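Data first, discussion second: the structure below is written as structure tokens.
Every number in this text was worked out from the coordinates using simple rules, so none of it is lab data. Just so it is clear, the structure is predicted and the values come from calculations on it, not from any experiment. Virtual Cβ from ideal backbone geometry, glycine too; neighbours counted across all protein chains shown.
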Amino acid sequence: MDMDLTLNQTRLIGCLIEKEITTPDQYPLSLNALMLACNQKSNRDPVLELSESEIQDVLDELSKKHLVREASGFGSRVVKYHQRFCNSEFGELKLNDQELGVLCVLFLRGPQTPGELRSRTNRLCRFGDVQEVETVLEQLSERTEAPLVVRLARELGKRDCRYVHLFSGEVEIDSTPRAVAAQSPGVDEDRLTALEAEVAALRQELTEVKAMVDELLN
């Protein structure tokens, strides 16, 4: 399995996986359908504006890596494309529904927290709760063959860590902005606690002001 895919390559693979699961009657996808899927304004991060020629170039690259294949239907003149990234008779990578859903969203939307993954995979697979997502992420990060995801350091002021896939090469966790939070956790926790207390105090003051206004109006 090639572990050094470009953003455009993972976007295209993610789109093929997504449409294979969510709209099987429209799968495999034509070149135009792939372009529309890759350039969606929603459920994509970053938003791309790839042309048909650029999509074709990516398809050619992935074909050489044996990660997609052409699949023209009977009597159809339009060339369509299947993914061979995983769970195919020719591919080595085998994933269950939850693992596939998680990787698909990471391909389409970049780094995600377990909570974000739970809500954004609801059309791809089922998760009972966030803990179940965390279990799947742990499985993907501890695969014997090779880890497929890694947890990033917690961002400053954030409660949850985000996860990123490892199909685009190694992730330099320490060089990311969120590593700053890991370097001085005591300071960040104190600051977060103070901010939470300030918000709580403001909410209490707002409640009291509203009560006073209601009393005056009555």
Distance in nm between pseudo-label sites at Ser42 and Val199 (7 Å out along the Cβ direction from Cα): 2.7
³J(HN,Hα) computed for each position of the range 144-151 - Karplus, 6.51 cos²θ - 1.76 cosθ + 1.60, integer Hz, glycine/proline x: 5, 5, 5, x, 10, 9, 9, 8
Note on the range 1-93: contact order normalised by length, alpha-carbon pairs under 8 Å, 6 or more apart, percent, works out to 27
Around Ser72, which amide H atoms from residues at least 5 apart in sequence, or from another chain, sit under 5 Å from its own amide H, with H modelled in the peptide plane? Lys80
Check the straight Cα-Cα distances from Lys158 and name the lysines below 30 Å, setting aside those fewer than 8 residues away within the same chain. Lys41
Which whole-Hz couplings ³J(HN,Hα) result when phi for each residue of the range 103-109 is put into the Karplus expression 6.51 cos²θ - 1.76 cosθ + 1.60, θ = phi - 60°, listed in order with x for Gly and Pro? 5, 4, 5, 5, 5, 8, 10
Expected unfolding gain across Thr135-Gln56 under the 0.36 nm per residue rule, minus the alpha-carbon gap, is 24.8 nm
Residues with beta-carbon under 11 Å from that of Asp45, excluding Asp45: net charge, scoring Lys, Arg +1 and Asp, Glu -1? +4
FRET efficiency, Ser30 to Ser88 (Cβ-Cβ, R0 22 Å, nearest 0.05): 0.70
Under 5 Å from the placed amide H of Tyr163, counting only residues 5+ away or on other chains, we find Gln112, Thr113, Leu152
Loop-resident sites, the range 17-62, for trypsin sites (Lys or Arg not before Pro), counting at most 11 other Cβ within 10 Å (DSSP): Lys41
